[in-house]
Amino acid sequence: MRRGRLRWAGLAVVALLVAGCAGEEGGIAAPPDWTPAATPAEPTGSAASGGQSGGRVGPLTPLEVRTLATVRRLDDHPLYEMTYSGPMPAALPRAADAAPPDPAGASPSPLRRPFGCTVFLAAGDPARPVVGRNFDWDANPALLLRTDPPGGPATVSLVDISYLGYDRAHLADLATPEGRRGLLRAPLLPFDGMNSHGLMVGMAADEAGVAARRPDRTVVGSVRIMRLVLDRARTVRDAVAVLDRYDLDFSGGPPLHYLVADRTGASAIVEFVGGRMRVFPRGPQPWQVMVNFQQAASTPASRQADRRWRTATARLAAAGGRLDPPTALTLLRDVRQGHTQWSVAYDLRGQRALLVTSQDYGRVREVAVPGS
């Protein structure tokens with residue numbers, strides 16, 4: 001059966017699926033005086049409840065038609081772009097999230113080395129903190145997504161749309177509005193992104209991660225949580241509070257850890273050690289690097305043994321953490337792997353990003369958060 005025909009059934013697991021991507025010692029748990037930011041209740045919705053694009057198979061609404069009319073192909077990666085109109089789509093119900101993987105193969109590739117991903121903050125220039133991010137995984141189509149929902153922050157994010165059913169074999173489905181319908185769930189799958197408050201979140205695989213299970217917490221998917229962070233956080237403190245509000249579901253893909261950073265130059269790595277969330281703030285040095293080992297278990301020797309971590313930290317130290325977006329892209333080029341799918345440098349104060357796909361560093365695309 002074609003994956004395109006299973007797209008809506010497969011969306012039951014999409015919110016919790018993720019492709020892979022993966023310091024210093026002495027990580028600490030969130031301090032007791034770390035007051036969680038107030039956040040609204042987890043949105044709910046399903047095909048039965050008829051939420052915004054919540055699995056419906058009826059006629060497209062005017063907002064959905066407007067959204068899907070913005071889809072266009074930007075390059076031969078292929079990279080597409082879309083501007084999402086209206087409120088964010090409803091969350092998938094947990095019963096649906098627990099469904100087995102799509103038999104057509106919509107689940108992510110099994111965890112294997114090198115599964116990649118590098119994320120770093122360069123905050124040596126307080127007026128221009130920059131986050132660099134390489135997404136290293138399978139060669140799949142990607143989507144540059146802009147959102148500007150009423151009452152919430154605008155965002156720009158990147159999505160691997162093979163998890164929505166649009167692998168290379170099914171790109172012809174994007175030729176019609178009806179065939180594009182699966183893209184209406186794309187806001188729930190940011191693989192990295194930045195909001196109009198200057199808050200950025202990125203992830204990397206952490207095979208040692210074990211998610212918490214607490215009776216008083218709602219469980220959400222490991223990619224879905226990044227949308228909640230983008231929609232609800234202004235600062236690193238807020239972002240950590242959102243991550244702590246939920247328990248994460250790592251089924252269907254590798255466990256993850258996250259780097260969050262904001263326009264002040266603050267950052268933290270958040271990971272899950274033995275079922276407990278641990279927070280590793282940036283520290284006194286004006287940079288922070290996250291790759292695919294767990295901060296809690298690493299040592300100076302093990303960190304130096306990782307080429308990407310060693311290269312990134314040495315370059316950041318030599319520059320005093322001062323990298324502008326083009327220089328951040330140069331560092332991303334130098335730590336790329338053979339399967340790096342995109343490189344992006346987020347300018348947290350400038351509300352712009354520089355994006356490269358397919359390791360074509362001679363062709364850089366500038367991306368702005370809506371309204372900036």
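Odds and ends about this structure:
- Search result, residues across segment 106-122 that are under 16 Å from SER358 (Cα atoms) and at pLDDT 95 or above: THR118
- Qualifying residue in segment 79-94 (condition: modelled with pLDDT under 90 and assigned to a helix (DSSP H, G or I)): yes
- Tally of residues being under 24 Å from VAL156 (Cα atoms), assigned to a loop (DSSP other than H, G, I, E, B) and either of a type in the set (Ser, Thr, Tyr) or out of contact with any Pro (no Cβ under 6 Å at 6 or more places or on another chain) (or both) across segment 319-351: 9
- Leading residue by the ranking (surrounded by the fewest Cβ atoms within 10 Å (Cβ to Cβ)) among those in segment 353-372 that are touching a Ser or Thr at 6+ places or on another chain (Cβ under 6 Å) and closer than 17 Å to PRO78 by Cα: GLN359
- When ARG333, ARG308 are checked against the criterion of being among the charged types (D, E, K, R), touching a strand residue (DSSP E or B) at 6+ places or on another chain (Cβ under 8 Å) and surrounded by 17 or more Cβ atoms within 10 Å (Cβ to Cβ), a single residue qualifies: ARG308.
- Total residues in segment 176-187 satisfying the condition of being part of a helix (DSSP H, G or I) and either in contact with a Gly (Cβ under 8 Å, 6 or more places away or on another chain) or modelled with pLDDT under 95 (or both): the figure is 1.
Residues checked against (1) more than 21 Å from MET82 (Cβ to Cβ); (2) in contact with a strand residue (DSSP E or B) (Cβ under 8 Å, 6 or more places away or on another chain):
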position: ALA186; (1), (2): no, yes
position: MET194; (1), (2): no, yes
position: ALA205; (1), (2): yes, yes
position: ASP216; (1), (2): yes, no
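- Cβ separations smaller than 8 Å between residues 6+ apart or across chains give the following pairs from segment 349-372 residues that are over 20 Å from ASN140 (Cβ atoms) and of a type in the set (S, T, N, Q) to residues that are in a loop (DSSP other than H, G, I, E, B) and at pLDDT 95 or above: GLN351/SER196; GLN351/GLY198; GLN351/VAL369; SER372/ALA154; SER372/SER196; SER372/GLY350; SER372/GLN351.
- Check on ASP125, modelled with pLDDT under 95, surrounded by fewer than 24 Cβ atoms within 10 Å (Cβ to Cβ) and of a type outside the set (A, V, I, L, M, F, W, C): no
- Selection within segment 164-175 - out of contact with any Leu (no Cβ under 7 Å at 6 or more places or on another chain) and either among the polar types (S, T, N, Q) or assigned to a helix (DSSP H, G or I) (or both): ARG168, ALA169, HIS170, LEU171, ALA172, ASP173, LEU174, ALA175
- Members of segment 128-150 found to be under 16 Å from LEU355 (Cα atoms), of a type outside the set (A, V, I, L, M, F, W, C), part of a strand (DSSP E or B) and modelled with pLDDT of 95 or more, listed by number: GLY132, ARG133, ASN134, ARG146
- Segment 356-365: number of residues that are in a strand (DSSP E or B) and farther than 21 Å from THR311 by Cβ: 2
The values are calculated or read from the model by the stated rules, or taken from the named source; none is laboratory data. Nothing here was measured: the structure is a model prediction, and the numbers come from that model. When we count neighbours, we look across all protein chains shown, and the Cβ atoms used for this are built from the backbone with ideal geometry, even at glycine.
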